[in-house]
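Heads up: the structure comes next, in structure tokens.
Throughout, read-outs are computed from the coordinates displayed, never taken from laboratory work. From a predicted model like this one, the values you see are computed outputs, not experimental measurements. When we count neighbours, we look across all protein chains shown, and the Cβ atoms used for this are built from the backbone with ideal geometry, even at glycine.
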Amino acid sequence: MPDAAPAGSVRPKVELRGVGLRYFGLDGETEALKDISLQIAPGEFTAIIGPSGCGKSTLLSLIAGIVEPTEGSVLVDGAAVSGPSRKVGYMLQQDYLFEWRSILDNTLLGAEIQGADMRQARERATALLTRYGLGQFLHHLPRQLSGGMRQRVALARTLCTDPDVILLDEPFSALDSQTRLALADEVVEILRRERKTAILVTHDIGEAVSMTERVIVMSRRPGRVRSEHAIRFASPDGHRPAPFAARNAPEFNGYFNTLWKELEVHVEG
Amino acid sequence: MSKVDAPAEAPSPQYLAWLRQQRRNRLTVRGSQFIILVIFLVLWEILPRAQLINPLFTSYPSAIWPTFVEMLQATPQQPSILAHTWATVLATVVGFTAAMVLGIAIAAALWRWDGLYKVVDPYLVVANAMPKIAFVPIFYIWLGAVLSIYGMSLAISLFITILMIYSGFQGIDPNRVKLAQTFGATKWQILTKVILPGSVPTLIATLKVNAGLSLVGVVVGEFQSANLGLGYLVVYGSQIFKMNIVMTAVTILAIVSSLMYLAISWLENAIMRRR
């Protein structure tokens, strides 16, 4: 089953080597992640699923460089991660738009923090927002937008600094199911078109199967890699179907059930 | 998709009736408020005149305006009442502005260096709980007649300002800080782009509290040391048993504090409308 080795010749975009993480408290230490080794190829879409509390979000924080591993190392483009990097963009569970900033200014937050050329950044932000159908809302405030629109602004904010790797931490969990499905299609299309490498953390099996090429299942705390599954859909034109279409593909249920059992077995264990 | 409600074509009769009811309710509240004020003033006027209360103790509301007009004129012994009012207002504004600036700076330092906060926390709590008024005579000796008033105004509002603003900083959603960190924000950038703008409602609430406290500090400081200011007039008037002077000064204090409150509410509305 774990047959999803990335192409050996290409240098992985993101690599984890024997990563472990322990939290220290006065009443002892907690092992959150244990001996995790992963390779993610450039342009690959990977999902990480697992029971809640298995440290899957923490894994993203490690790759983003805002948490340091206790053991092992995290590499992006072959270089060890030692802090937040411009190559990595992080999309959080909620949009966390600042209510005192306009949509455009929210999108520009990263560029502002990184001291980028603001004129260029403004052009890029405007172009991104326009492409996501928010062109007429540039100077609106976040509260004037619906949940789906706000999350698209959050995506634009992440992409505005043009990172190569996008980390998605349950980015649709705060949305209603209809918006969720529509936005999944949009996000996948956008990230593919921009040739990004994406890592999606979710507890939604359907989302993982329909959106990504490889699903990594993590075990309960201390989180370790339990299994990996390559997701392949037969398609006439050689392109991978969009997430919504993938849900209707004949292969979908097979993958879904396999992953479901992986997680379920674990609940009993 | 935008969350703007379309206006109804024509208001229904039920809606119009509801609007009328709302208007009636509003008028009832305002009317009751006005009646309470009138009853208070009438009793204050009538009871002393009917000799049910010794007028020497209370003066009359009708005496306030003539006293005010009379005191507008500076005499060799006494500056104009406007000069008294100005002295009090100036010390109050300086006091709460300084408390705000220092309070934000200190709260930011405590936020930046958590170890510092842990060390000074008990001292801050005690300093805040301490009756600062006990320091009036000490400040008079240390700072002299004028500076002690400013000092009191600052001392009485500074600690609560630090504690309120710091707890506001702590209340900012840590995920917003995380968001800034993912872009590689420095501590200073997190402070200026996330913490401070996110704390504006807290800052306004703090301003409301410490503006009132600063006025208390100024008046108490003036009791001790001044020969200028409304607090001084209250003490002076009571010493020579001229209650009309005392009541005039107290009335001006009530007006000043109401105006300060209105100014801050206006500021609040102006800022919150943008959010």
message = How charged is the neighbourhood of B:Ile160? Take every other residue with its Cβ under 13 Å from the Cβ of B:Ile160, and add Lys/Arg as +1 and Asp/Glu as -1.
response = +2
key: Within 10 Å of each Cβ in B:170-182, the average number of Cβ atoms from other chains   = 5
request  = Apply the Karplus parameterisation 6.51 cos²θ - 1.76 cosθ + 1.60, with θ equal to phi minus 60°, to every residue of segment B:111-120 and state each ³J(HN,Hα) to the nearest whole Hz, in sequence, with x for glycine and proline.
outcome  = 5, 5, 10, 4, x, 4, 4, 4, 6, 8
query = Which far-off residues, 5 or more places away or on another chain, put their amide H under 5 Å from the one on A:Lys13, with H placed in the peptide plane?
reply = A:Ile40, A:Ala41
ask   = At a Förster distance of 45 Å, what's the computed FRET efficiency of B:Thr97 paired with A:Ala174, Cβ-Cβ distance as r, to 0.05?
value = 0.65
request  = Report the trypsin sites (Lys or Arg not before Pro) located in segment A:153-221 that are in a DSSP loop and have at most 14 other Cβ atoms inside 10 Å of their Cβ, or state none.
outcome  = A:Arg195
Interchain or long-range residues, amide H under 5 Å from A:Arg226's placed H = A:Val217, A:Met218, A:Ser219
inquiry  = Just to check I understand the Karplus step: with θ = phi - 60° and J = 6.51 cos²θ - 1.76 cosθ + 1.60, what whole-Hz values come out for segment A:35-44, glycine and proline as x?
reply    = 6, 9, 10, 8, 10, 10, 7, x, x, 7
query = Taking the radius of gyration and the Kirkwood hydrodynamic radius from Cα positions alone, what is the Rg/Rh ratio for the protein assembly as shown, to two decimal places?
reply = 1.14
Candidates B:Leu158, B:Leu196, B:Leu43: whichever shows maximal mean-square fluctuation once chain B is modelled as a Gaussian network with Cα springs under 10 Å = B:Leu43
note = Taking alpha-carbon centroids only, segment A:178-250 lies from segment B:226-275 a number of Å equal to 66
task = Place +1 on the Cβ of every Lys and Arg and -1 on the Cβ of every Asp and Glu in the protein assembly as shown, take the dipole about the Cα centre, and give the residue among A:Ala234, B:Thr67, B:Ala211 whose Cα lies farthest towards its positive end.
result = B:Thr67
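Assign one of three labels to chain B, namely rounded, prolate or oblate, based on the Cα gyration tensor with a ≥ b ≥ c the square roots of its eigenvalues; rounded applies when a/c is under 1.5, prolate when it is not and a/b is larger than b/c, and oblate otherwise. Numbers along the way, then the final one.
Numbers: a/c = 2.82, a/b = 1.21, b/c = 2.33.
The shape class here is oblate.
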key: Per-residue ³J(HN,Hα) for segment B:49-54, Karplus 6.51 cos²θ - 1.76 cosθ + 1.60, θ = phi - 60°, Hz, x for Gly and Pro   = 5, 7, 6, 6, 10, 5
task = Whole number please: convex hull volume per residue, Cα atoms of segment B:58-217, in Å³.
result = 159
key: Relative contact order (percent, whole number), chain B, Cα cutoff 8 Å, 6+ residue spacing   = 23
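Rounded to the nearest 0.05, what FRET efficiency is calculated for B:Gln21 and B:Thr251 with R0 set to 35 Å and r the Cβ-Cβ distance?
For B:Gln21 and B:Thr251, the calculated efficiency is 0.45.
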query = If a helix is a whole DSSP H run, which ones in chain A reach 20 Å or further along their own axis (Cα) and hold a mean Kyte-Doolittle hydropathy of at least -1.0?
reply = A:177-193, A:250-268
inquiry  = With just the Cα atoms defining each centre, how far is segment A:135-158 from segment B:25-95? Give it in Å.
reply    = 54
inquiry  = Can you compute the helix-only [θ] at 222 nm over chain A? Use -39500 (n - 2.57) per DSSP H run of at least 4 residues, normalise by all residues, nearest 500 deg cm²/dmol.
reply    = -10500 deg cm²/dmol
note = Dividing the mean separation of Cα pairs under 8 Å (6+ apart) by the residue count of chain A yields a relative contact order in percent of 25
request  = Enter the mean projected area of the convex hull around the alpha-carbon atoms of chain A, in nm², rounded to one decimal.
outcome  = 15.9
request  = Report the chymotrypsin sites (Phe, Trp or Tyr not before Pro) located in segment B:208-275 that are in a DSSP loop and have at most 11 other Cβ atoms inside 10 Å of their Cβ, or state none.
outcome  = B:Phe241
Helix-only CD estimate at 222 nm, as mean residue ellipticity for chain B, using -39500 (n - 2.57) per DSSP H run (n ≥ 4) = -26500 deg cm²/dmol
query = Can you list the trypsin sites (Lys or Arg not before Pro) in segment B:92-190 that are in a DSSP coil and have 14 or fewer other beta carbons within 10 angstrom?
reply = none
task = Just report the Cα centroid separation between segment B:120-194 and segment A:36-105, whole Å.
result = 36
DSSP beta bridges in the protein assembly as shown [antiparallel fraction, %, rounded to 5] = 55
